[in-house]
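Read the structure below first, then the notes.
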Amino acid sequence: MVGLIVARSKNNVIGKNGQIPWRIKGEQKQFKELTTGNAIVMGRKSYEEIGHPLPNRLNIIVSRTKKFEGENLITASSVQEAIALAKEKDENLNVYIAGGYGLYKEAIPFVDKMYITEVDLVVEDGDVFFPEFDADEFDLEIGETGGEEIKFTRTVYVRRAGEKAKDKADAAQITYKRLTEAELETFINMRITQLTEEYEVEGKRPPEDVNLKTALEDFYHRHMADGTFVSWLALDGDKIIGTSGMSFVEKPPYFSCPTGRLGLLSSMFTNPNYRRMGIAKELLHRVVEEARSYGCGAVWITASNMGVKLYTAYGFEHNGNFMQYKL
Ligand SMILES: NC(=O)c1ccc[n+]([C@@H]2O[C@H](COP(=O)([O-])OP(=O)(O)OC[C@H]3O[C@@H](n4cnc5c(N)ncnc54)[C@H](OP(=O)(O)O)[C@@H]3O)[C@@H](O)[C@H]2O)c1
């Protein structure tokens, strides 16, 4: 089970000046009960705030800049890697994502349960927030209340079963079409939003001096015209809710790829409200088939952390630091 534990204020604040902006007797009890004997995953800043590993549980710190090692203390470079490391140690361990923002944002699409303590407080000038999520994907259980001067209420958001997500997909009547010039502007705007979000998850801003829109327009016009870029879209009515992309490149042929042709996967994105409905898999399938008909010997991708699960389930394999699907 992969869970997430957070306490948030009424205005969604979880941190201020590097700390949790309240102290409530008894509020941390649930955290201790759930995580003792299991694994916690936290961001480098949250860990440095605590300053030491929490006892009697596996502490996995997510960082790309520092390495923490010790008894019950290891470092991972992504949330997905942290979960894989915990399961490698003991597949029965429950893994709890313990913040902050970037880790929650990355984990929300796949966690089974979210333990959210609603703190009855409005925090001015908070600087770290709990990410937005689609409450429809979860069943909500309201638990006990506690606290004296500041009250809190325990809630648990339990991921709805796959069946329900499938019903949602059927009800939404998702359709698929190949990208044409007519959808290009929306497609480019979605791509820029997606790339911007990848920076924001790590608390960064994309460089302001890059005119990505013009560069993307130029790229797509040229490569759609000469057939070296194709994309399939998922639509709910007129609204594009999922994208995919495949570029075709040619290398000098080699034994396992005598055409020398390779497909490079890009632009895989599904609107968060439509995730876990099989849409990304369907889009992936359509562009992989495009690569097959173009004569590609393999499809390559440098997968984002969130993507690894999808690509592994489809049959992609790690090959060095990128993932490959043999056609
Ligand atoms: N209310 C609550 O329940 C709660 C829970 C936890 C934290 N907090 C609060 O939240 C604040 C800290 O949160 P934060 O979001 O600022 O920082 P954070 O998530 O604790 O740490 C951020 C760092 O973690 C690493 N990281 C995060 N996402 C990553 C990713 N996807 N891949 C690789 N590395 C990643 C990066 O470390 P490197 O820079 O080393 O690569 C990044 O700089 C504090 O105020 C804390 O008190 C509140």
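Values in this text are rule-based calculations from the coordinates and carry no lab data. Please read all numbers here as calculations on a predicted model, not as lab measurements. Don't worry about glycine lacking a Cβ; one is built from the backbone with ideal geometry, like all the others, and counts go over all protein chains shown.
Are there GluC sites (Glu not before Pro) in segment 144-252 that DSSP marks as loop and that have at most 10 other Cβ atoms within 10 Å, and which are they?
GLU148, GLU149, GLU208
What is the antiparallel percent of DSSP beta bridges lying wholly in the chain, to the nearest 5? Mind dumping the intermediate values first?
Numbers: 45 of 69 bridges.
In the chain, approximately 65 percent of DSSP beta bridges are antiparallel ones.
With +1 on each Lys and Arg Cβ and -1 on each Asp and Glu Cβ, and nothing else charged, work out how big the dipole of segment 167-326 is about its Cα centre, in Debye to the nearest 20. Write out the running numbers ahead of the final one.
Values: 18 positive and 21 negative charges, 108 e Å.
The dipole magnitude comes to about 520 debye.
Amide H neighbours of LEU233 under 5 Å, at least 5 residues apart or on other chains, H built in the peptide plane: list them.
Excluding prolines and chain starts, which carry no amide H, the hits are LYS177, ARG178, LEU179.
Please list, ordered by chain and number, the residues whose modelled amide H lies under 5 Å from the amide H of ALA7; skip anything fewer than 5 residues away on the same chain.
THR117
Which of PHE130, CYS257, VAL79 sits farthest toward the positive end of the charge dipole of the chain, with +1 on the Cβ of Lys and Arg and -1 on the Cβ of Asp and Glu?
Checked the options; the winner is CYS257.
Below 13 angstrom from the Cβ of THR153, what's the summed charge of the other residues (Lys, Arg +1; Asp, Glu -1)?
-1
In debye, nearest 20, what is the charge dipole magnitude of segment 2-160 about its Cα centre with +1 on Lys and Arg Cβ and -1 on Asp and Glu Cβ, if you could check? Let's see the in-between values first.
Numbers: 21 positive and 26 negative charges, 84 e Å.
My answer is approximately 400 debye.
Taking other Cβ within 10 Å of each residue's Cβ, how do ILE40, ILE24 sort, fewest first? Mind dumping the intermediate values first?
Values: ILE40 27, ILE24 19.
Ascending number of Cβ neighbours within 10 Å: ILE24, ILE40.
With a length cut of 24 Å (Cα positions projected on each helix's long axis) and a Kyte-Doolittle mean of at least -1.0, go through the chain and give me the DSSP H helices that pass.
Numbers: long enough: 184-201 (26 Å, -0.19).
Helices meeting the span and hydropathy rule in the chain are 184-201.
With 10 angstrom as the radius, rank GLU88, GLU48 by how many other C-beta atoms surround their C-beta, starting from the fewest.
On the way: GLU88 9, GLU48 14.
So the residues, fewest neighbours to most, are GLU88, GLU48.
Using the Cβ atoms and a cut-off under 9 Å, what net charge is assigned to the surroundings of ALA234, where Lys and Arg are +1 and Asp and Glu are -1? Don't skip to the end; give the middle numbers.
Values: positive: LYS177; negative: ASP236, GLU282.
Cβ neighbours under 9 Å give a net charge of -1.
Run down the lysines and flag those whose C-alpha is under 20 Å from the C-alpha of LYS309, throwing out any fewer than 8 positions away in its chain.
Hits, sequence-local ones excluded: LYS87, LYS89, LYS105, LYS113, LYS166, LYS281, LYS326.
Counting only residues 5 or more places away or on other chains, whose amide H sits under 5 Å from the amide H of ARG160 once H atoms are built in the peptide plane?
Correct list: PHE138, ASP139.
When we measure straight from the Cα of LYS25, which aspartates and glutamates land under 12 angstrom away, once same-chain ones fewer than 8 places off are left out?
The qualifying aspartates and glutamates are GLU148, GLU149.
Residues with beta-carbon under 12 Å from that of VAL287, excluding VAL287: net charge, scoring Lys, Arg +1 and Asp, Glu -1? Present the calculation step by step, with values, prior to reporting the outcome.
Numbers: positive: ARG178, LYS281, ARG286, ARG292; negative: GLU282, GLU289, GLU290.
Once all neighbours under 12 Å are counted, the net charge is +1.
If you wrap segment 2-160's Cα atoms in a convex hull and average its projection over all directions, what's the area in nm²?
Working: hull surface 36.1 nm².
It is 9.0 nm².
Roughly how compact is the chain, stated as its Cα Rg over 2.2 N^0.38 Å to two decimals?
Details: Rg = 21.9 Å, N = 327, 2.2 N^0.38 = 19.9 Å.
Against the empirical 2.2 N^0.38 Å value, I get 1.10 for the chain.
To one decimal place, what Kirkwood hydrodynamic radius in Å is obtained for segment 167-326 from all pairs of distinct Cα atoms?
Working: mean 1/r = 0.0603 Å⁻¹.
The Cα-based Kirkwood calculation yields 16.6 Å.
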